[in-house]
1. Whose amide H sits under 5 Å from the amide H of Trp167, counting only residues 5 or more places off or on another chain, with H placed in the peptide plane?
2. Angle between the Cα long axis of helix 141-153 and the longest principal axis of the chain, 0 to 90 degrees, nearest 10?
3. Of His53, Phe246, Tyr288, which is farthest towards the positive pole of the chain's charge dipole, taken about the Cα centre with +1 and -1 on the beta-carbons of Lys, Arg and Asp, Glu respectively?
4. Of the listed pairs Lys221/Lys285; Lys254/Lys291; Lys151/Lys283; Lys245/Lys283; Lys62/Lys291, which have alpha-carbon separations greater than 29 Å here?
5. If you line up the long axis of helix 34-49 against the longest principal axis of the chain, both from Cα atoms, how many degrees apart are they, to the nearest 10?
6. Where does the chain land at 222 nm, in deg cm²/dmol rounded to the nearest 500, when only DSSP H runs of n ≥ 4 count, each adding -39500 (n - 2.57), divided by all residues?
7. Can you work out ³J(HN,Hα) from phi for every residue in the range 212-220, in order, using Karplus 6.51 cos²θ - 1.76 cosθ + 1.60 and θ = phi - 60°, giving whole Hz and x for Gly and Pro?
8. Please grab the % of Cα pairs in the chain that end up more than 33 Å from each other.
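None of the figures in this text is laboratory data; all of them are computed from the coordinates on show. The structure displayed is predicted, hence computed values, not measured ones. Cβ sites come from the backbone with ideal geometry, for glycine too, and all protein chains shown count toward neighbours.
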Amino acid sequence: MNTTLKDSNSTHWVNNTPANIRPFLQLSRLDRPIGYWLLTLPGWMALAFSSYHHGVSLSDIKWAILILVGAVAMRGAGCTYNDIIDQNLDIQVNRTALRPLPSGAVSNKQAWIWVILQCLIGLLCWSILPYVSKVIALLSIPLVMAYPFMKRITWWPQIWLGLTFNWAVLVAYSAKTLTLNLPVILFYLALVFWTIGYDTIYACQDLEDDIKVGIKSTARKFGKKVKAGIGTSYFISIFLIFLSKFLQAGQINKYEVCIILAGILPFAFHLFYQVFNFKPADKEKSLYTFKSNKFAGMLLILSWFFIGLMFTHIN
């Protein structure tokens, strides 16, 4: 039987693979690539962010590929682990009831083996990192392990997701520069608020089921003010991005401030268009808007590289 999950594209290649391997690919969410893009893009953003002081080199390509492979593997392992923990909740939610574990397509033992295999790929990527980045990467493990439980104990699981999903900023920046500083930490926090916004949009799909099952989220916390909550999260994100770039640049003139603003504007316009166009009751539109954040992230990456090149030329 060709089982297509409710939030998966039926034409995706995963849904046309042999039935004996398809459930494992679905556990890894390979049929929903937006997840690993949102895990990869922060790392790529950090490489672009660092271009102001450290330039652009061929090593950036190496780190970019490593970040992508590691993101796909560890996102898959994280999602499989999350499904193991959440299977009793997933079976009660319409969108997730057909996932491999609640549907019985995969056993718990098979799922744990799949987690380990994906972690081995992540371990290989980790082994290539510089020592400082290895240490930073290991510090993310408690965040990953605790995340599935956050929706049970706090109305703000999206904050925890933001801290987890954007950890690649710290890993990638330290891999390229062998250090961390205040500007990149502020940039990391900016992306945490970006995640709060887009994952609140995503959570609006399951609002009715979450109320019934008792799953907590910012979509429920914000209630009728959900658009304001998303907009506020995005505004804080944009402000912190500007502040991080301003501090990174140091003593700059008005012309350079204008360049920074111009570099952020495409990303900012994209986010506020999301808020303007968002309709909480429209589940299909919520999913579409959530997925559009891949392009928002790409805009910021291009902007950072543009700014880096501009400042290199000016200085």
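1. none
2. Helix 141-153 and the main axis of the chain meet at about 60 degrees.
3. Tyr288
4. Listed pairs above 29 Å: Lys254/Lys291; Lys245/Lys283.
5. Taking the Cα atoms of the chain, the angle to 34-49 is about 10 degrees.
6. Rounded to the nearest 500, the figure is -24000 deg cm²/dmol.
7. 5, 7, x, 7, 8, 6, 5, 4, 6
8. When all Cα pairs of the chain are counted, 25 percent exceed 33 Å.
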